[in-house]
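Quick note: the coordinates plus some simple rules give every number you see, no bench work behind them. Everything numeric here is computed off the predicted structure, so don't read it as measured data. Cβ coordinates were reconstructed from backbone atoms using ideal geometry, including for glycine residues, and neighbour counts include every protein chain displayed.
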Amino acid sequence: MAELVRTGVSIEQDLLEKFDKVIARRGYGNRSEALRDLIREMLVSEAVNANKPVVATLSMVYDHHRPELSNKLNAAQHRHHGNVLAATHVHLDENNCFEVVIMKGLAGEVKHLADHMLSMRGVKHGKLVMTATGKGF
């Protein structure tokens with residue numbers, strides 16, 4: 001673990017009270033750990049915005065009765081096999097499937113692939129969540 005450094009922060013009283021309520025609800029033992037997580041979150045956001053290496057999950061709900069949609073989603077993943085690590089497919093009901101695709105690569109590549117799959121006719125909803133690879137944290 002890296003050496004700890006103490007620093008002071010000036011925060012308005014009402015903002016600090018709201019922050020304390022949130023960190024208590026989330027189970028943080030102290031403000032320092034909550035602040036470290038916020039800083040890490042900001043650094044992850046910067047990595048994603050700077051087109052750096054990321055890992056990601058793409059979650060999608062889609063109509064499995066849509067002609068060829070499953071094949072198109074599968075083909076897109078095969079074309080980008082360097083970015084796709086794994087996929088899990090779940091049958092929600094007689095009409096809908098849920099699929100989670102785990103990806104890695106540069107943020108721009110991953111986002112492009114996710115946007116392509118999410119824009120396919122029959123995909124009802126989806127969300128891409130990207131995070132840093134853990135290096136440098």
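With all pairs of different C-alpha atoms in the average, the Kirkwood value for the hydrodynamic radius of the chain is 17.6 Å.
Under the combined filter of DSSP loop state and at most 14 neighbouring Cβ atoms within 10 Å, the stretch 52-123 retains these GluC sites (Glu not before Pro): E68, E94. Using Cβ point charges alone (K and R +1, D and E -1), the dipole size of the chain about the Cα centre works out to roughly 220 debye. Look at I102, I11 and count the other Cβ atoms within 10 Å of each Cβ; fewest to most, that gives I11, I102. Calculated mean residue ellipticity, 222 nm, the chain: -13000 deg cm²/dmol, from DSSP H runs (n ≥ 4) at -39500 (n - 2.57) each, averaged per residue and rounded to 500. May I ask for the angle, rounded to the nearest 10°, between helix 69-79 and the longest principal axis of the chain, with both axes built from Cα atoms and the value confined to 0 to 90°? The angle comes out near 70 degrees. In terms of distances greater than 31 angstrom between alpha carbons, the cross-link table entries K18/K111; K21/K111; K18/K127; K18/K52; K21/K52 yield K18/K111; K21/K111; K18/K52; K21/K52. Note on the chain: GNM, Cα springs under 10 Å; of G29, G82, G122, the largest mean-square fluctuation is that of G29. Relative to its residue count, the stretch 53-132 spans a Cα convex hull of 70 Å³ per residue. Between the helical axis of 13-26 and the longest alpha-carbon principal axis of the chain there is an angle of about 50 degrees.
Taking the C-alpha atoms only, the angle from helix 31-49 to the longest principal axis of the chain is near 40 degrees.
Centre-to-centre separation between the Cα atoms of the stretch 110-136 and those of the stretch 81-98: 13 Å.
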